[in-house]
Each structure stands twice: as C-alpha cells, then as structure tokens.
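The structure under discussion appears below in the form of structure tokens.
The values are calculated or read from the model by the stated rules, or taken from the named source; none is laboratory data. Nothing here was measured: the structure is a model prediction, and the numbers come from that model. Cβ placement follows ideal geometry from the backbone for every residue including glycine, while neighbour counts extend to all protein chains displayed.
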Amino acid sequence: MILTAKFFIFDMDGLMFDTERLFFECVREAASLYGYDYTEEKYIKTIGTAGETLKKVVIETMGKDYPLVEASNKAKELMDIRIEKDGLPLKSGLLNLLGLLKELNIKCCVASSTNSDKVIEYLNKAGINNYFCNVIGGEMVNRSKPAPDIFLKACDECGFSPSEAVVLEDSMNGVRAGIAAGIKVICIPDIVMPDDFTKGNAYRVYNTLNDVIPLLID
C-alpha cells in the first residue's frame with residue numbers, strides 16, 4: 001500500500017546522523033571528569049528530550065549535585081572536536097530517501113530536540129540543508145518530547161495538518177510525541193530497541209531509512 005503524505009518530519013540525532021552513540025561517549029567522558037559514571041542506561045532515558053524535561057531526567061538519574069551545565073558544555077565541546085575531526089556519519093538510506101522525497105515534491109522539515117542553530121550547522125556540514133523547508137529546534141517549543149509540541153509546530157510552520165504528515169523517529173520519546181500529535185510515525189530504532197508501545201502504535205518499525213522507500217513508490 002502506497003503511503004499518501006504531503007509532509008515528512010525528520011528527527012536528527014540517531015535518525016539522520018549516527019550521533020547518539022557518539023554523543024553518549026562524549027557525555028560519559030565529560031561526566032567522568034567531574035567524578036560521575038554516566039552509564040548507557042542513564043543516557044537512554046534522556047534521548048529525544050531537551051530543556052526542562054532533560055534537566056529533570058538527568059537530575060533524577062545523576063543526583064541533584066551533578067554539575068549539569070558544566071558537564072553538558074564539556075560534552076558538546078568534545079562532540080564538536082570529534083565531528084570536526086571525523087565528520088558527520090550519515091545513517092543508512094538517508095540520501096536515498098531524501099532524494100526520492102524531493103523527486104516526489106514531498107516537503108521535508110527537521111524537528112529535533114537539539115537547538116536549531118546546531119541542527120542547521122549539521123545540515124550544512126553534511127550538505128543536505130537544501131532538502132528541508134524548515135528547521136524546528138528544541139528551544140522553539142515550551143515542552144520537549146514526549147510532548148507533541150515540536151511536531152505540531154513543524155506542521156503549523158510549514159502549513160500542513162497532522163493528518164498530512166509523517167514523522168520519522170528513532171527514540172521512544174520521539175515516537176510518543178509524534179503519536180500524541182496525531183501523526184503517523186515510522187520508527188527506525190537506533191540505540192534503543194522499540195518498546196511495546198512503539199510496536200503497537202507506530203505506523204511502521206523498520207531497520208533503516210531505505211525500508212521507507214517502498215512505501216512511496218509503486
């Protein structure tokens with residue numbers, strides 16, 4: 001069955017770029033400089049969140065004395081160094097899917113918990129900024145994923161209704177946000193395998209972005 005949609009909303013980290021595991025390594029290294037052990041289990045709880053939601057989760061898992069601002073800034077610094085040195089690793093199928101969506105005249109937007117200036121920087125570094133009509137960053141909404149705000153804003157900013165849209169997400173928080181917004185969600189898992197909610201409520205769960213292509217062509 002062909003998927004009829006006029007608008008595709010892409011998450012960024014873990015969905016377009018293979019950066020979630022890279023950032024976890026930077027977060028863990030930064031935390032260790034302050035004497036903390038930031039495990040993957042703790043990191044997974046933060047994936048897809050930002051702002052006050054992120055702060056709440058980190059404090060709950062790391063303790064109220066954790067130097068969140070300092071450690072976060074250090075992690076971002078380490079991340080920038082790694083990307084400058086090695087480049088941005090693209091997820092499998094990204095360029096194929098973006099090329100097809102452009103050919104089909106389906107509009108695309110990025111809606112990421114990352115700040116919009118960093119999203120734009122990454123899109124430019126990867127040379128794919130021209131595929132997207134807009135960027136919605138985490139600082140542009142009051143509530144982070146799993147609240148639906150960022151995806152609803154993407155629809156509003158680009159002039160589409162949720163029923164006309166598709167969300168592509170890797171994180172469970174992102175999946176929940178898309179479903180809460182009333183949008184079809186295709187989950188491409190990254191670090192975390194889909195939970196029962198995702199399996200039962202996502203439109204599709206695929207291994208790579210290449211798997212989305214057959215939904216769009218005869």
Next on the checklist: Kindly evaluate ARG143 against the criterion of being closer than 26 Å to LYS56 by Cβ, assigned by TED's automatic domain parsing to the domain that holds GLY93, modelled with pLDDT of 95 or more and among the charged types (D, E, K, R).
Outcome noted: no
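Residues are listed down the side, and each one gets a yes or a no for (1) among the aliphatic types (A, V, I, L, M); (2) without any contact (Cβ under 8 Å) to a residue 12 or more places away in the chain; (3) more than 20 Å from ILE47 (Cα to Cα):
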position: LYS102; (1), (2), (3): no, no, yes
position: ASN105; (1), (2), (3): no, yes, yes
position: VAL110; (1), (2), (3): yes, no, no
position: ASN115; (1), (2), (3): no, no, no
position: VAL119; (1), (2), (3): yes, no, no
position: ALA126; (1), (2), (3): yes, no, yes
position: GLY138; (1), (2), (3): no, no, no
position: VAL141; (1), (2), (3): yes, no, no
position: ASP156; (1), (2), (3): no, yes, yes
Checklist outcome for this item: Within region 166-207, of all residues that are assigned to a loop (DSSP other than H, G, I, E, B) and among the aromatic types (Phe, Trp, Tyr), the one nearest to GLY93 (Cα to Cα) is TYR206
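Which residues, taken from region 116-139, are part of a strand (DSSP E or B) and touching a Ser or Thr at 6+ places or on another chain (Cβ under 6 Å)?
At the first step, the residues of region 116-139 found to be part of a strand (DSSP E or B) are 134-136.
Across region 116-139, the qualifying residue is only VAL135.
Looking at region 91-100, which of the residues that are in contact (Cβ under 8 Å) with a residue 60 or more places away in the chain and surrounded by fewer than 16 Cβ atoms within 10 Å (Cβ to Cβ) is nearest to GLU157 (Cα to Cα)?
Going through region 91-100, the residues in contact (Cβ under 8 Å) with a residue 60 or more places away in the chain turn out to be 91-94, 96-97, 100.
Cutting the leftovers down to surrounded by fewer than 16 Cβ atoms within 10 Å (Cβ to Cβ) gives us 92, 96, 100.
Numbers: SER92: 28, ASN96: 26, LEU100: 23 Å.
The qualifying residue nearest to GLU157 (Cα to Cα) is LEU100.
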Next on the checklist: Quick check on my filter: what residues within region 140-164 are hydrophobic (A, V, I, L, M, F, W, C) and outside any loop (DSSP other than H, G, I, E, B)?
Outcome noted: MET140, ILE150, PHE151, LEU152, ALA154, CYS155, CYS158
Checklist entry - Any idea which of (1) over 22 Å from LEU152 (Cβ atoms); (2) touching a residue at least 60 places away in the same chain (Cβ under 8 Å); (3) among the basic types (Lys, Arg); (4) touching a helix residue (DSSP H, G or I) at 6+ places or on another chain (Cβ under 6 Å) is the one LYS6 doesn't satisfy? => result (1)
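Going through ILE136, ILE128, ILE120 one at a time, which residue ends up being at pLDDT 95 or above and either over 22 Å from SER72 (Cβ atoms) or touching a Leu at 6+ places or on another chain (Cβ under 7 Å) (or both)? Reasoning before the result, please.
Details: ILE136 fails: either over 22 Å from SER72 (Cβ atoms) or touching a Leu at 6+ places or on another chain (Cβ under 7 Å) (or both); ILE120 fails: either over 22 Å from SER72 (Cβ atoms) or touching a Leu at 6+ places or on another chain (Cβ under 7 Å) (or both).
It is ILE128.
Out of THR61, THR49, which single residue is touching a Lys or Arg at 6+ places or on another chain (Cβ under 8 Å) and either at pLDDT 95 or above or part of a helix (DSSP H, G or I) (or both)? Don't jump to the end; show me each part of the working.
Details: THR49 fails: either at pLDDT 95 or above or part of a helix (DSSP H, G or I) (or both).
After ruling out the rest, the residue left standing is THR61.
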Item to check | Subset of region 133-157 (residues that are buried (at least 20 other Cβ atoms within 10 Å of the Cβ) and hydrophobic (A, V, I, L, M, F, W, C)) | outcome: VAL135, ILE136, VAL141, ILE150, PHE151, LEU152, ALA154, CYS155
Checklist entry - Cβ-Cβ below 7 Å, separation at least six or inter-chain, first residue in region 191-208 and within 14 Å of GLY178 (Cα to Cα), second surrounded by 13 or more Cβ atoms within 10 Å (Cβ to Cβ) and of a type in the set (Ser, Thr, Tyr): which pairs? => result VAL205/THR198
Item to check | Search result, residues across region 1-23 that are more than 16 Å from GLU121 (Cα to Cα) and either among the acidic types (Asp, Glu) or modelled with pLDDT under 85 (or both) | outcome: MET1, ILE2, GLU20
Item to check | Lone unmet requirement of (1) under 13 Å from PHE10 (Cα atoms); (2) in contact (Cβ under 8 Å) with a residue 40 or more places away in the chain for VAL175 | outcome: (2)
